[in-house]
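The values are calculated or read from the model by the stated rules, or taken from the named source; none is laboratory data. What you see is a predicted model, and the numbers here were worked out from it, not measured in a lab. FYI the Cβ positions are ideal-geometry reconstructions off the backbone, even for glycines, and counts take in every protein chain you see. Keep in mind that these areas ignore ligands, DNA and RNA; they rest on the heavy atoms of the full protein, side chains included. Shrake-Rupley method; radii C 1.70, N 1.55, O 1.52, S 1.80 Å.
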Amino acid sequence: MSRSGVHPDQQPVELDLSDFLYEAVDASEFINVKSWAASFDEIPVDPYIKEGYRYKSIAWFRIKHRKAPAIDGIDEKIAAVNRLSGMSEEEGSRYLSTGMPAWESKETGYCCWKLPQYVMQQSIQYNPVHGGMRRVYPRISDKVIDSEDFRRLLIHYAAFFGWGDAVVLVQFQRVDCWVNRTGQPAIEGFHQDGNRHVGMLIVNRDNLTDDSGVSQYVMDDNGKKTDELVFDAVIPPGRLIYWNDKRVWHYGTELRVADATVNGGRGVRDIVILSAKTPPANMPMGPLPGRTR
Ligand SMILES: [Fe+2]
């Protein structure tokens with residue numbers, strides 16, 4: 001694993017973000033993305049995108065190094081959302097840093113708690129399209145979540161940035177297009193999501209033109225988008241890219257079908273988005289649906 005100065009018996013040292021913009025990693029060396037491709041077919045359409053080109057499932061995790069102190073704000077947030085979900089103290093305490101992790105990485109010392117299926121509740125500041133509202137998404141399939149490859153992905157993300165404690169939101173997302181209808185990977189245009197850093201793994205690009213679904217970053221200037229394009233390329237399946245969400249704004253160009261006679265005239269792009277949250281940053285977790293008091 002790259003930049004893995006992470007050791008089970010030492011508190012990790014965080015990557016200095018002041019001079020980090022982005023870095024691409026060949027994840028096919030440690031993840032067989034082809035084995036995940038089929039799971040994207042099962043993801044239901046995202047009801048919050050009325051044009052129907054997006055499909056999304058999510059899951060929440062807490063990834064904390066065994067030698068790092070727990071961040072109180074994370075435990076407080078999880079406890080608060082659990083209470084709002086109507087959980088008993090006993091049930092909710094399983095998801096705190098004092099509870100037993102679901103697994104631990106012996107090589108790095110990172111521990112993982114699988115968190116409940118909290119709804120996404122972003123702040124309006126970061127998402128003018130969907131900020132504030134509660135969005136309910138189905139869970140990523142357990143078969144994927146409990147796979148060794150998935151664990152390796154979470155550990156790679158944590159070790160790359162070297163954080164001590166964070167909540168990680170994982171999103172499996174498909175965007176599709178048809179001959180007469182394009183797909184929009186980033187409906188809001190160039191944007192930031194209010195994270196410190198983000199990872200994106202491309203799982204599949206099928207029947208798309210080579211010049212569509214292009215990933216682009218422009219530089220940030222004190223919270224404002226600039227026109228300085230610093231990345232402009234199609235990221236191929238198997239490639240994982242990390243970027244500094246404070247320093248660049250990201251966008252994905254629209255998707256277009258390559259061959260109308262293939263796949264019934266449909267094209268798809270399947271990705272995994274990883275975003276780590278630590279207070280005081282935006283922690284877009286809301287109570288479990290249907291259990292709100
Ligand atoms: Fe985004």
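Structural remarks
- Per residue accessible area of the chain, 1.4 Å probe, in Å²: 44
- Around the Cα centre of the chain, unit charges on the Cβ atoms of Lys, Arg, Asp and Glu (plus for the first two, minus for the last two) sum to a dipole of about 860 debye.
- Each label point was placed 7 Å from the Cα along the Cα-to-Cβ direction; for Lys225 and Met133 their separation is 2.1 nm.
- Calculated FRET value between Glu91 and Tyr48, using beta carbons and R₀ = 25 Å, to 0.05: 0.30
- Restricting the range 1-89 to trypsin sites (Lys or Arg not before Pro) that sit in a DSSP loop and have at most 16 other Cβ atoms within 10 Å of their own Cβ leaves Arg3, Lys50, Arg66, Lys67.
- Cross-link reach list, aspartates and glutamates versus Lys143, counting only Cα pairs under 20 Å and skipping chain neighbours closer than eight places: Asp41, Glu42, Glu104, Asp270
- Nearest-ten-degree value, helix 72-84 long axis tilted from longest Cα axis of the chain: 80
- Within straight-line cross-link reach of Lys224, lysines at Cα separation under 20 Å, skipping those fewer than 8 residues along the same chain: Lys246
- Once C-alpha pairs closer than 8 Å and six or more residues apart are averaged by separation and normalised to the residue number of the range 20-119, the relative contact order reads 27 percent.
- Given 14 as the ceiling on other Cβ atoms within 10 Å, longest exposed-site-free region of the chain for GluC sites (Glu not before Pro) in DSSP loops: 189-293
- Here the 3J(HN,Hα) profile of the range 85-99, calculated from phi with Karplus coefficients 6.51, -1.76 and 1.60 at θ = phi - 60°, is 7, x, 6, 6, 4, 5, 5, x, 5, 5, 9, 8, 5, 7, x Hz, Gly and Pro shown as x.
- Vicinal HN-Hα couplings computed from phi for the range 180-189 (Karplus, 6.51 cos²θ - 1.76 cosθ + 1.60; Hz; Gly/Pro x): 9, 8, 6, x, 10, x, 9, 4, 8, x
- Asp210-Asp16 FRET efficiency (beta carbon distance; Förster radius 35 Å; 0.05 resolution): 0.50
- Note on Lys77: lysines with a C-alpha under 21 Å away, same-chain residues under 8 apart excluded, are Lys64, Lys114, Lys277.
- Point-to-point label distance, Asn32-Thr98, nm (Cα→Cβ direction, 7 Å offset): 4.2
- For a modelled paramagnetic label at Asp146, 7 Å from Cα along Cα-to-Cβ, the residues of the range 96-110 in reach, with backbone nitrogen under 16 Å, are 102-104.
- Mean Cα-pair separation over length for the chain, i.e. relative contact order, pairs under 8 Å, 6 or more apart, %: 27
- Helices in the chain, meaning DSSP H runs of at least 4 residues, each add -39500 (n - 2.57). Divided by all residues, the mean residue ellipticity at 222 nm is -3500 deg cm²/dmol.
- Note, ³J(HN,Hα) from phi for the range 218-228, Karplus 6.51, -1.76, 1.60, rounded to Hz, x at Gly and Pro: 10, 6, 8, 10, 6, x, 10, 6, 10, 9, 7
- Whole-angstrom gap from the range 233-293 to the range 145-180, using each part's C-alpha centre: 10
- Among Pro116, Pro280, Pro69: highest mean-square fluctuation, GNM of the chain, C-alpha pairs under 10 Å: Pro280
- Inter-site label distance for Asn180 and Ala258 at 7 Å from Cα along Cβ, in nm: 2.4
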